[in-house]
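The values are calculated or read from the model by the stated rules, or taken from the named source; none is laboratory data. Only a predicted model underlies this, so the values are computations on that prediction, with no experimental measurement involved. For neighbour counting, all protein chains shown are included, and Cβ atoms are generated from backbone atoms with ideal geometry for every residue, glycine included. These area figures cover heavy atoms from the full protein model, side chains too; ligands, DNA and RNA do not enter into them. Shrake-Rupley method; radii C 1.70, N 1.55, O 1.52, S 1.80 Å.
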Amino acid sequence: DLGKININTATKEELMLLPGVGETIAQRIIVYREENGDFQNIYDLLNISGIGQKTLSNLIDYITTGG
């Protein structure tokens, strides 16, 4: 997963480098992480408002949960 962004440790700025992720969604990812703990898998991102299947498909190649 070299070069992939770890959604469990990334800063808001790092998350905003991802395709389709702006400041609002980046902030929601961080809030989700703070409230629920680490993402167990990338599909947990679907729990975040503004991220659907299409956005997730675009992100899969760029993200990891570090596990």
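Calculated accessible area for the chain comes out at 62 Å² per residue, all protein chains present (probe 1.4 Å; ligands, DNA, RNA ignored). For the chain, give the percent of accessible area contributed by carbon and sulfur heavy atoms, probe 1.4 Å, rounded to a whole number. The computed percentage sits at 47.
Could you pull out which residues in the range 13-42 have an amide N less than 17 Å from a spot 7 Å beyond the Cα of residue 54, following the Cα-Cβ vector? Counting only backbone N, you get 19-22, 25.
Select one label from [x] 11.5, 33; [y] 15.7, 56; [z] 10.4, 28: the one whose number is Rg and Dmax of the Cα atoms in Å as derived from the coordinates shown. Derived directly from the coordinates: [z].
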